[in-house]
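Beneath this line is the structure, given in structure tokens, with notes to follow.
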Amino acid sequence: MFDFLQAVVDGILFGTTYSLIGIGFTLVFGVMHKINMSYASVSIGAAYAGLLAGSLIPGASAWVVFGFALAFGGVFGYLVYIICFHLIPIRNENATLMSTVGMLLLVDELITHFTTGSPQNYPSMVEMQNLQFGEMSVRPDLIVVFMVSVVSMAAMLALLYRTRLGLATRAVAQQPVAAQLCGIRVVRVNAITFIVTGLLGGIAGALVCSAVGTLSILITGPLTVKGLIVTVIGGLGSVPGAIIAGLMIGGLENIFQHFRGVTERDLYVMLLLFAFLIFRPGGIFAAGRGRD
Amino acid sequence: MKRMALAVAAALASIGFAGNTLAQEKTVSIAAFGVKSGVLRLFGLNSEAAINAAVEEVNRSGGVKLADGSKAKMVVQPYLDDRCNAEEGIAVVRRLVGTDALVAIGPTCSNVAEPLYGILQKKVDDPKDTGLQFPILTDVAIKVGLAQISEWSFRNVPNENTMYSSLYYWLKTTRPELKTVYGGVEEDFAHSRASWHVVMKERANANGYTVLGESKWLLNDTNFSTQVREIKKANPDILSIAAHPFTTCGLLKEMERQGVKPKLIVGLTSTSSQETMQGCPKQAEGMIIPSSFAPVSKEAKFASEQTAKKKGAADLHSMAAWENVFILKEVMEQAKISGKTDPASVQADRRKIRDGLAALKTTKGLLGTNKRTADREADKPYVFVHAKGGNWQVLYNPL
């Protein structure tokens, strides 16, 4: 029983990394009603750029690397907006979806090219052993990731509901044409949304790599899949939903692994996704309505 | 004016002579393929660099002697990327069959080699078997027992059974206090899986160790908390990790966080590379791995330096590729290939090379003599290396 509980705690804590990525996916969807498939990949790209920039400063601490990752995240977020959404007819949903898939593959190949596919040692944010609570142990770095997720959520909600930019963002999300008629610069609002999610992606990428301990393109594929699952299960466009779904997926993964083994684990996660799509297509935070 | 005309005529004559020489320069073509994209890209880059460096060396020493006594320059076709994908590997070799390449070096991945060998003719001279008749001399794909699939497939990869058997025996002798072994295995990767279940586990048992169990994970897993708790619970003396650098590093870092310290860690052959030292140099400190390459001899140092000039790193895989080029030169000369480029001659030369490879009993390796087995595999000399100060250093040299 103890093993089971420990596995659940481990999973929930690691689920914080899924939450962080899920928030980025869900924000873009919430504002633009578009899926940015390249989000996880670009986030890891920002983390890698941060690592490279940090390596140029002798003796730079992990926090300097994270600072660079944050900055690069914002820049990359803007570039993704320009390349995949601004230059491509935004009304063509398939075109923007495919362009972000293309961006995902491009960023993956770029990281592969520069790292020759080798895993890169990523600095740990919290250099200490696990915290012990009786027999139960908890990873301190994942607690920090969880706190960052919660702070990010609070900041996002404050931005959306307490600022003029947030008001404009919500207006664009609800009625883009009406918002434009009211004088809101839709393109600017969309660009800022991508920069903000990019900044968040930079933090997320750095924290995920820090939690894993290494940076590798092997991370981007599973993270993209988990980010999408979290977004769907949490409810498309719901930031609190992304956090809860991330923790839930992390915990369930370890439960499935505990009972069915590692080779069947992902099978059940996918089945869970289908269960949500069929029985609760709007996700956890959706109003109860039919899938049609 | 007359003098000028003479000079022009002389220049034209010399150009014509040079052109004639170039036209007459004979070549024998070999091909190379493996992974040059994705997480295993480094394997392909290193093999490519080693092959190019070795071919340069062959040509510097005069090239390849043909059946008519003339010399031909060895040329290697551009390295082809199979992306560690079986279908792409098969497509690459099907394409190569239509070229003048006499033989191919590759592939990197065992999950490519296995189906790829399957499309080659299984038994030579079997009229009912329409499989490809194209010799392949593999440098990297290391999963045990693959070359027996076809009589056209050959490998110059280390024998993991021999190496791990020797390692566990050596540990039993030098560290008699170690009694138990626990495995950690990347369950969805052909080489890692086979290395634990068929090689490490069996060899540990055969050498009198008690195998306590195993923890499993997948190639792109990022969370190892459950697996490390299993290891902690088993409390083994030796942890044998059959995984590639990314997950090996992930596991080692989680072990550090949970304070799990087995008395000894044994790693997978492919992990004795620079990748591990980039990913987790501190956590890998002390890990022991058997390897068929270390720059311990004059030849090995030279090969390593030449490969470095081509921007490649010398390891057990890339140096097998280097050896393969010299094996092929020797076989081509002994088999007296014609070097002609018409399809019939190319196919005849391929057959001669196949027969020559099959007839080999030994080959010259960088660490000593490589034995060839009846099932077209190699039995190579090896050393035990360990991670020390961010580098792989020779711990024990049984040579």
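Read-outs: derived from the displayed coordinates by stated rules, not from any lab. These figures come from a predicted structure and were not determined experimentally. Note that each Cβ is placed from the backbone with ideal geometry, even for glycine, and that neighbours are counted across all protein chains shown.
Scaling against 2.2 N^0.38 Å puts the C-alpha radius of gyration of the stretch A:214-292 at 1.14.
The 3J(HN,Hα) values that the Karplus relation (6.51, -1.76, 1.60; θ = phi - 60°) gives for the stretch A:207-214 are, in residue order, 5, 5, 4, 5, 5, 6, x, 9 Hz. Gly and Pro appear as x.
Where both bridge residues fall in the protein assembly as shown, DSSP classifies roughly 40% of the beta bridges as antiparallel.
The GluC sites (Glu not before Pro) of the stretch B:280-352 that meet both conditions, a loop assignment by DSSP and at most 14 other Cβ atoms within 10 Å of the site Cβ, are B:Glu285. Normalised Debye scattering of the protein assembly as shown at q = 0.07 Å⁻¹ gives log10 I(q)/I(0) of -0.55, counting only Cα atoms as equal scatterers and leaving out solvent. Counting only trypsin sites (Lys or Arg not before Pro) that DSSP places in a loop and that have at most 12 other Cβ atoms within 10 Å, the longest clean stretch of chain A runs over A:92-288.
Taken one residue at a time, the phi angles of the stretch B:246-254 give Karplus couplings (6.51, -1.76, 1.60, θ = phi - 60°) of 4, 7, 4, 5, x, 5, 4, 5, 5 Hz. Gly and Pro are set to x.
For a quick protection proxy, order the peptides B:227-234, A:124-131, B:50-57 by their average other-Cβ count within 10 Å, most packed first. Kindly include the intermediate steps, with their values, before the conclusion.
Values: B:227-234: 19.8, A:124-131: 14.6, B:50-57: 23.4.
Highest mean packing first, the order is B:50-57, B:227-234, A:124-131.
Extents of the stretch A:1-88, largest first, come to 55, 43, 15 Å (Cα atoms, principal axes, whole angstrom). Computed from backbone phi with θ = phi - 60° and the Karplus coefficients 6.51, -1.76 and 1.60, the 3J(HN,Hα) list for the stretch B:98-109 is x, 9, 8, 5, 8, 6, 10, 9, x, x, 7, 9 Hz; x is used for glycine and proline.
Less than 5 angstrom separates the built amide H of B:Glu214 from those of B:Gly183, all sequence-distant by 5 or more or on a different chain.
To make sure I understand, if each residue's beta carbon is the centre and we count other beta carbons within 10 Å, what order do B:Trp152, B:Trp322 fall in, fewest to most?
On the way: B:Trp152 27, B:Trp322 33.
Listed from fewest to most nearby Cβ atoms, that is B:Trp152, B:Trp322.
Per the Debye calculation on chain B with a single equal scatterer at every Cα and no solvent contribution, log₁₀ I(q)/I(0) for q = 0.10, 0.11, 0.12, 0.14 Å⁻¹ amounts to -0.67, -0.78, -0.91, -1.17.
Each residue in B:His386, A:His258, A:His33, B:His191 was given a count of other beta-carbon atoms within 10 angstrom of its own, and listing them fewest first yields A:His33, A:His258, B:His386, B:His191.
Counting only DSSP H runs of at least 4 residues, each contributing -39500 (n - 2.57), and dividing by the residue count of chain B, the helix-based mean residue ellipticity at 222 nm comes to -13000 deg cm²/dmol. Can you tell me what share of the DSSP beta bridges in chain B is antiparallel? A percent to the nearest 5 is fine. Bridges in chain B are about 35 percent antiparallel.
Size descriptors for the stretch B:37-194: radius of gyration and Dmax over Cα atoms are 19.0, 63 Å.
Taking amide H positions as modeled 1.01 Å from N, with prolines and chain starts lacking one, the residues under 5 Å from B:Ala242 and 5 or more places away or on another chain are B:Gly184, B:Val185, B:Glu186.
When the alpha carbon gyration tensor of the stretch A:125-222 is reduced to an equivalent ellipsoid, the three semi-axes, largest first, read 37, 16, 9 Å. Each distinct pair of alpha carbons in the stretch B:110-201 adds a 1/r term; the inverse of their mean, the Kirkwood radius, is 15.1 Å. Mean partner shielding of peptide B:210-223, defined as the number of other chain Cβ atoms within 10 Å of each residue Cβ, is 4. Once the convex hull of all Cα atoms in the stretch A:54-178 is built, its volume per residue stands at 192 Å³.
For the pair the stretch B:39-67 / the stretch A:115-154, the C-alpha centres are spaced 45 Å from each other. At q = 0.13, 0.16, 0.20, 0.22 Å⁻¹ the log10 of I(q)/I(0) for the stretch A:7-57 amounts to -0.46, -0.64, -0.80, -0.85, computed by Debye summation with a single uniform scatterer per C-alpha, solvent ignored.
With helices as the sole contributors, chain A gives -25000 deg cm²/dmol at 222 nm; each DSSP H run of n ≥ 4 counts as -39500 (n - 2.57), and the sum is divided by every residue.
The packing ranking of peptides A:58-65, A:46-53, highest mean first, is A:46-53, A:58-65, where packing means the average number of other beta carbon atoms within 10 angstrom of each residue.
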